[in-house]
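Step one of this worksheet: look at the structure below.
The values are calculated or read from the model by the stated rules, or taken from the named source; none is laboratory data. Keep in mind it's a predicted model, so treat the numbers as computed, not measured. We place every Cβ from the backbone using ideal geometry, glycine too, and count neighbours over all the protein chains shown. For the accessible areas, the whole protein counts, side chains as well, though only heavy atoms, and no ligand, DNA or RNA atoms are used. Shrake-Rupley method; radii C 1.70, N 1.55, O 1.52, S 1.80 Å.
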Amino acid sequence: MRIYICVLLFTLSINSFGQVYVIDQSIPVEIEGVTLSNAWAGGLNAGQYSTMDVNEDGIDDLVVFDRTSSKINVFINSEGKYKYEPEYSIQFPAGINNWMLLRDFNADGRKDIFTNDPLGIRVYVNQSEGDGLKWRLFNSRAPQPSPLLTKGFSASPINIQLNGSDIPSIEDIDGDGDLDILVYRFSSTSTIEFHKNMSVEIDTNSDSLRFERITQNWGDFVECICGVFAFNGVACPPFGGGRTEHQSGKSLLTLDMDGDGDYDALVGEESCPFLNYLPNIGDNQNALMNTSTQDFPNATDPAALYIFPAAYYEDVDFDGVKDLIVAPNVASNVNYSVDFKSSSWVYHNNGTNSQPSFTLTKKNFLQDQMLDFGENASPTFFDYDNDGDQDLFVGKMINKAGQLRSSIELYKNIGTPNLPRFVLENADFLFFSLIGGINIKPQFADVNSDGLDDLVFSATETNGFSTSIYYLLRKGSGFTFETQAQLLFAGIGMEENFKVYDLNGDGLMDLLLGRSTGRLEYHKNTGSAEQPLFTLEDASFYDLDFSPFRQNAACDIADLDADGKPDLVIGDARGNITIYSDFLSNLNAPLEGETNLIKVGDNVTSINMGSKIKPVVVDLFNADKPAIVLGTGQGGLSVLKNEAAIENNSSFPMVIYPNPVRIGDELIIKSSRTMNVNIVTINGQVVLKNLLLIKGEENKLDISALKEGLYIVTPESTDIDAVRFVVIR
């Protein structure tokens, strides 16, 4: 039995957490004068793009499946702009992974889902009737869903098999009115199978999926290696001993580039940075390719990513003509060389759907309207300017011009304690980009017990990728730090996480480490405040032992339910969020955590908020119950607001800083409403009269005429409390 001196258990209490959170996107964020429209969407890495009418208003919206997190992102078309609406994501089937394409196979005007199945392709039929999205499995057989079948070269049906990382083409290839499927062969040489939909031929209807494999060599070409193709039956040239290279992952998009009525091919390959364009010189019944090019769509701006590009053909700029979107089809950042901050390339179509002409318009489609820090966004909060509200610091990691870089961005809160508003203040706080480390994860904690929160951070060396935890001591009561970082703890993995917290109540900061094994380790500080020394006290703290579902757990500790007792919140690599209420009172008999936390409509459930979730508890809304901000592996942030939170002093209109203020300095007052105020002495003498405060602005007051002493700001409205400040020399 483990005993912790900070807790004495007299009785075993069962606590039902019962906290409910809503996804909040109300907080404005401004970067270089632009207010982001989807700031808190959570980032985007490897998007797969489809359109469909999600909210059933007759207008196509955008659905983006991110392969790195298996997360479905829904952007509603609102008057010609995309608005992130996460509540729609739970209306899609659970368990979709690797790839997802939306196609209307039964011509009922509703897009259906084609996605990965362990045995090939799985299909969900859209049965929505105006009251939310509803789906049924196509060809479902108990106890497991059945994959999509085709008639092989014999009479027996077989699976339409493809590699899990492949993206097929699902289009009416032969022009007969029903959807056919093209896939690269599951094994053997890299040729394309054509699975013809026989629905029209069987009963003249295009409302089903009845396939027959017509050929295993559609287009009469073989992909040999990256960018090398063999045509018209010619064998691949010898590579690596003269053998044909076994195929790796493939992406396939078919579209009519030249307006001749048949489909040409765009091929992406797992080890290749370019899209390969193969024009079809045959027809829609007998495809024939004899050339390929990598300068697609043009030599000036080719679709060239670091690795494994995949292309999608959808109208994303609301002009009725389909555009080309290109993104990396990767499950993770291969060699940390993909620029996940600019991984959504859009080529505007200046032509028509049947004869397009593409021009590159941006490389950060959707990402430019998000807080997107590349990957592994690591947020923390601190009131650095001492104005009474929480400012945002984010550790980021991006690939810039082939170089992996990390820094900390600072966003100043220029709102009020009740109504936060962030603006980018410093893109490289303390010049962290120059330290030579990557994967920076900051937090603030009083390491040396001097009453001042210090800056603690983990960082990974680019040479050898070893990761350690460091700290910078804070100097004085301002917001300056020692220039020399000190080592706090060595020996954690690059993806692992830490939390500095005094767990045993001895006044010294201890460590919780979220390990890649799923374990949460407790390392007790057996040193001193000046010289911390950590000793492993518990390898599976709170019985959180080995688990494939809790890898690299990130945690925070705070009173979430306003009961005066700290709670433990954990996010993990798979996007799960778990809260353990009053955990310190239950160390000898840990309670089950709560995972159904987020309210969507009338339901409280769990939602995939992205991979590598890093939760931070913060009082963003000046309420009795704090919010939870989530950093994601997709490089973004999301805000969870406690639905039952009650704002403290809802009439609290003013924040004054600095306080105390020195003679000669400016006094700044931020107000949540526009109003007039007077400044009076402690004896009631009015020294400044009818000062106009503008809502939401930093109202600067010249107090050079005031003497030392205590003053009171008195609002004209009687329902608002007065606020005091002190003038000093």
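Tabulated values for the structure
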quantity	calculated
The stretch 391-402 - residue that is modelled with pLDDT under 95 and over 13 Å from the mean Cα position of the chain (by Cα) and, of those, most open to solvent (accessible area, probe 1.4 Å)	LYS400
Some residue of the stretch 60-77 being under 14 Å from the mean Cα position of the chain (by Cα), open to solvent by less than 50 Å² (accessible area, probe 1.4 Å) and small (Gly, Ala, Ser)	yes
The stretch 346-376 - residue that is among the polar types (S, T, N, Q) and crowded, with 17+ Cβ neighbours inside 10 Å and, of those, farthest from MET257 (Cα to Cα)	ASN376
Any hit, the stretch 417-433, residues being among the aromatic types (Phe, Trp, Tyr), open to solvent by 60 Å² or more (accessible area, probe 1.4 Å) and out of contact with any Lys or Arg (no Cβ under 8 Å at 6 or more places or on another chain)	yes
Filtered residues of the stretch 148-166 (kept if among the hydrophobic types (A, V, I, L, M, F, W, C), within 39 Å of the chain's Cα centre (by Cα) and open to solvent by 10 Å² or more (accessible area, probe 1.4 Å))	LEU149, ILE158
Enumerated strands (runs of 3 or more DSSP E) restricted to the stretch 18-116, each holding at least 1 residues that are within 30 Å of SER206 (Cβ to Cβ)	47-52, 61-66, 71-78, 100-103
Selection count where residues are open to solvent by less than 30 Å² (accessible area, probe 1.4 Å), in contact with a Cys (Cβ under 8 Å, 6 or more places away or on another chain) and small (Gly, Ala, Ser), scope the stretch 475-528	1
Unique match (being among the acidic types (Asp, Glu), open to solvent by 30 Å² or more (accessible area, probe 1.4 Å) and without any contact (Cβ under 8 Å) to a residue 40 or more places away in the chain) among GLU647, GLU643, GLU666	GLU666
Within the stretch 689-729, considering residues that are part of a strand (DSSP E or B) and open to solvent by 90 Å² or more (accessible area, probe 1.4 Å), the one modelled with the lowest pLDDT	LYS695
Listing of strands (runs of 3 or more DSSP E) fully contained in the stretch 196-293 that carry 1 or more residues being among the small types (Gly, Ala, Ser) and in contact with a Gly (Cβ under 6 Å, 6 or more places away or on another chain)	250-255
ASP502 being closer than 16 Å to LEU584 by Cα, in contact with a Lys or Arg (Cβ under 6 Å, 6 or more places away or on another chain) and of a type in the set (D, E, K, R)	no
Total residues in the stretch 28-59, condition open to solvent by 10 Å² or more (accessible area, probe 1.4 Å), closer than 21 Å to PHE318 by Cα and not polar (S, T, N, Q)	6
Any hit, the stretch 311-330, residues being β-branched (Val, Ile, Thr), assigned to a strand (DSSP E or B) and surrounded by fewer than 18 Cβ atoms within 10 Å (Cβ to Cβ)	no
Residue match in the stretch 295-306 (condition: assigned to a strand (DSSP E or B), crowded, with 17+ Cβ neighbours inside 10 Å, in contact with a Gly (Cβ under 9 Å, 6 or more places away or on another chain) and among the aliphatic types (A, V, I, L, M))	no
Of residues in the stretch 444-456 being open to solvent by 50 Å² or more (accessible area, probe 1.4 Å) and in contact (Cβ under 8 Å) with a residue 24 or more places away in the chain, the one farthest from ILE492 (Cα to Cα)	ASP450
ALA459 being of a type outside the set (D, E, K, R), open to solvent by less than 20 Å² (accessible area, probe 1.4 Å) and not in a loop (DSSP other than H, G, I, E, B)	yes
ARG405 open to solvent by 20 Å² or more (accessible area, probe 1.4 Å), within 22 Å of the chain's Cα centre (by Cα), modelled with pLDDT of 95 or more and basic (Lys, Arg)	no
Looking only at the stretch 127-147, and only at residues there that are basic (Lys, Arg) and in a loop (DSSP other than H, G, I, E, B), the one that is nearest to the chain's Cα centre (by Cα)	LYS134
Residue within the stretch 677-688 that is under 39 Å from the mean Cα position of the chain (by Cα), surrounded by fewer than 13 Cβ atoms within 10 Å (Cβ to Cβ) and either under 30 Å from VAL29 (Cβ atoms) or modelled with pLDDT of 85 or more (or both) present	no
Residue among SER271, SER206 that alone is polar (S, T, N, Q), under 18 Å from ALA304 (Cβ atoms) and at pLDDT below 95	SER271
Qualifying residue in the stretch 4-11 (condition: part of a loop (DSSP other than H, G, I, E, B), open to solvent by 50 Å² or more (accessible area, probe 1.4 Å) and modelled with pLDDT of 95 or more)	no
